[in-house]
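*Asks:* So that we are looking at the same thing, I have put the structure below in structure tokens.
The values are calculated or read from the model by the stated rules, or taken from the named source; none is laboratory data. Remember, predicted model here, so these are calculated numbers, not experimental data. Heads up, the Cβs are rebuilt from the backbone with ideal geometry, glycines too, and the neighbour counts pull from every protein chain shown.
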Amino acid sequence: MAKARVLILGGGFGGLFTALGLSNSSDVTLLTDEDHFLFTPMLYEYLSGEVEAWHIAPKYEELLDSDVHVVVDNATAIDLNASQVTLEKGDPLKFDVLVLAVGGITNYVGVEGAEQFTIPFRKIHHADRLRSRMVDTLDHVPPDFAPQDVRRELTFAIVGAGASGCELSTKMADLLLDAMKRRALHGEPRVLVIEMGDRVVPGMGEQIREFVEEALRESRVEVHTGTRVVNVGSDSLTFEHQGVREQLKTAAVVWTGGVKMRPLIEQLDVEKTSRGLLKVKPTLQLVQHDNVFALGDIAFFPDAQPTLAGTAQLALQQAGLVADNVKSLTAGRTLDTRHFEELGEALSLGTERGAVLLSGGQAFGGALARQARFALYTSRLPTWHHRLRVGASWFFEGTAPRPLLPLGLER
Ligand SMILES: Cc1cc2nc3c(=O)[nH]c(=O)nc-3n(C[C@H](O)[C@H](O)[C@H](O)COP(=O)(O)OP(=O)(O)OC[C@H]3O[C@@H](n4cnc5c(N)ncnc54)[C@H](O)[C@@H]3O)c2cc1C
């Protein structure tokens, strides 16, 4: 396969970093439905204006050498036997080697009204929509409203108290509190995080949970564990706790309650786990298709710590292996495997704090952890050039949040 056509499907952590690893070595096409990468761990900071879109969502043309052909289109079907991917707009793309890295989609677990009325939080435009909703809601609260009326109007619910729900709720609560002070509104906003399980950040250790719980308290987020959302309406949410149902009027409900497979992957007739994840060999090749690799959120890789499943840090590490193995496959060499490590966790908790869990198990929190998170994530951004530009911007221009100003003053 001297001039093998390598098609990478998806430009997230798995796809982009595979493309970067393959640059200058093969005939590579990156097929993606957006023109930019997204560094998802900092989407919370984008919501609060601590970072800007160009920092965390650079265009592919800025990141990739011109020898990687980028096609912005939506893949609608994959035919592994015909070695072809069908596109929504353009002509089908043929491949010799296919890399599947399309990630997951929001899982609404069948809750009535959830898909229609909640705001997901996975993309730049989701964060834009949420920020606009927060501003719009604030703009409609009259300055003379009594505290209980303000609280009712400014009720925001976040479904799911995993890392995402806790990071988002503390960020939203801090932003709203700050905006209320600036607008001289009476009382406090009401931000709830609703979780079916019995504790917040269920997949994380006790040490980091303490920092998360403290941040939730300090940001005055109401935590409802052991609670199930049963229905979402255009301006309401119904939840159930110990058999008792309660309905709330809501300004917005944000859904961070889980991830599931895309129909594009569900349609593939290959070996999968009971959750629909693609089974891969230790080389990250599909079990019955040696010329097809899968990685990131859609792949089940047994030799990775369970806590790594569904994380950017796993997709990023796997991308290095896929790039090396694609080169080996096309050169006729033996393919490799690797053990993937837990690289630690860094959470953003409100606009002033963070929490960091080091790979050795030690955790620390507060303002220092917020700074450490910025430093850590500068090093994980794609390409040296982008890291330097962003690092310089954060260092010289700062990372202060952008207040929720009235609509005419927002930018
Ligand atoms: C808000 C948020 C915060 C997160 N924070 C963290 C964190 O702090 N640490 C951590 O480790 N993980 C975090 N994650 C999880 C992490 O983002 C994922 O595990 C990681 O992105 C998975 O990488 P991936 O390559 O499998 O998929 P993705 O990064 O999701 O990339 C998939 C890409 O494929 C594209 N695509 C999908 N379908 C098609 C199609 N049909 N045609 C063309 N293109 C398509 C998508 O647009 C996307 O660009 C977070 C996720 C979110 C949403």
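*Asks:* Within the bounds of the range 144-161, is there any residue that is free of Cβ contacts under 8 Å to residues at least 60 places away in the same chain, within 30 Å of G365 (Cα to Cα) and in contact with a Lys or Arg (Cβ under 7 Å, 6 or more places away or on another chain)?
*Replies:* Within the range 144-161, one or more residues are free of Cβ contacts under 8 Å to residues at least 60 places away in the same chain, within 30 Å of G365 (Cα to Cα) and in contact with a Lys or Arg (Cβ under 7 Å, 6 or more places away or on another chain).
*Asks:* Out of all the residues in the range 18-76, which are surrounded by 22 or more Cβ atoms within 10 Å (Cβ to Cβ) and either at positive phi or acidic (D, E) (or both)?
*Replies:* Passing the criteria: only E45.
*Asks:* Which members of the range 221-246 meet the condition of being hydroxyl-bearing (S, T, Y) and either part of a strand (DSSP E or B) or crowded, with 16+ Cβ neighbours inside 10 Å (or both)? Even if it seems obvious, please write down each step before you answer.
*Replies:* Keep residues of the range 221-246 that are hydroxyl-bearing (S, T, Y), which gives 225, 227, 234, 236, 238.
Residues satisfying the conditions are T227, S236, T238.
*Asks:* How many of the residues in the range 305-315 are outside any loop (DSSP other than H, G, I, E, B) and within 12 Å of the ligand (Cβ to nearest atom)? Write out each step before concluding.
*Replies:* Applying the first criterion (outside any loop (DSSP other than H, G, I, E, B)) to the range 305-315 yields 306-308, 312-315.
Next, only the ones that are within 12 Å of the ligand (Cβ to nearest atom) stay: 307-308, 312-315.
Number satisfying all stated conditions: 6.
*Asks:* I've got another one for you. Hey, does the range 299-319 have a residue that's among the β-branched types (V, I, T) and either over 28 Å from G350 (Cα atoms) or in contact with a Cys (Cβ under 6 Å, 6 or more places away or on another chain) (or both)? Spell out how you get there, then give the answer.
*Replies:* Of the residues in the range 299-319, the ones among the β-branched types (V, I, T) are 307, 311.
Subsequent filtering for residues that are either over 28 Å from G350 (Cα atoms) or in contact with a Cys (Cβ under 6 Å, 6 or more places away or on another chain) (or both) retains none.
Checked against the condition, which is being among the β-branched types (V, I, T) and either over 28 Å from G350 (Cα atoms) or in contact with a Cys (Cβ under 6 Å, 6 or more places away or on another chain) (or both), the range 299-319 yields no hits at all.
*Asks:* Can I ask one more? Quickly run through the range 107-144 and pick out the residues that are of a type in the set (A, V, I, L, M, F, W, C) and at pLDDT 95 or above.
*Replies:* Matches in the range 107-144: V111, A114, F117, I119, F121, I124, A127, L130, M134, V135, L138, V141.
*Asks:* So F156 ticks every box in (1) surrounded by 18 or more Cβ atoms within 10 Å (Cβ to Cβ); (2) within 14 Å of the ligand (Cβ to nearest atom) but one. Which box is left unticked?
*Replies:* With (1) surrounded by 18 or more Cβ atoms within 10 Å (Cβ to Cβ); (2) within 14 Å of the ligand (Cβ to nearest atom) applied to F156, the lone miss is (2).
*Asks:* Could you tell me whether the range 109-123 includes any residue that is of a type outside the set (A, V, I, L, M, F, W, C), touching a helix residue (DSSP H, G or I) at 6+ places or on another chain (Cβ under 8 Å) and free of Cβ contacts under 8 Å to residues at least 24 places away in the same chain?
*Replies:* No, there is no match, as no residue in the range 109-123 is of a type outside the set (A, V, I, L, M, F, W, C), touching a helix residue (DSSP H, G or I) at 6+ places or on another chain (Cβ under 8 Å) and free of Cβ contacts under 8 Å to residues at least 24 places away in the same chain.
*Asks:* Still on this structure: Could you please tell me which pairs satisfy a Cβ distance under 8 Å, a separation of 6+ or placement on different chains, a first residue in the range 1-27 that is among the charged types (D, E, K, R), and a second residue that is within 13 Å of the ligand (Cβ to nearest atom)?
*Replies:* Taking only residues 6 or more apart or on different chains, the pairs are R5/T29.
*Asks:* Return yes when L329 is outside any strand (DSSP E or B), touching a strand residue (DSSP E or B) at 6+ places or on another chain (Cβ under 7 Å) and buried (at least 21 other Cβ atoms within 10 Å of the Cβ) and no when it is not. Before the answer, list the steps.
*Replies:* Numbers: outside any strand (DSSP E or B): yes; touching a strand residue (DSSP E or B) at 6+ places or on another chain (Cβ under 7 Å): yes; buried (at least 21 other Cβ atoms within 10 Å of the Cβ): yes.
Yes: the conditions hold for L329.
*Asks:* For G320, work out the one condition from (1) crowded, with 20+ Cβ neighbours inside 10 Å; (2) closer than 30 Å to Q285 by Cβ it doesn't fulfil.
*Replies:* Just one mismatch for G320, condition (1).
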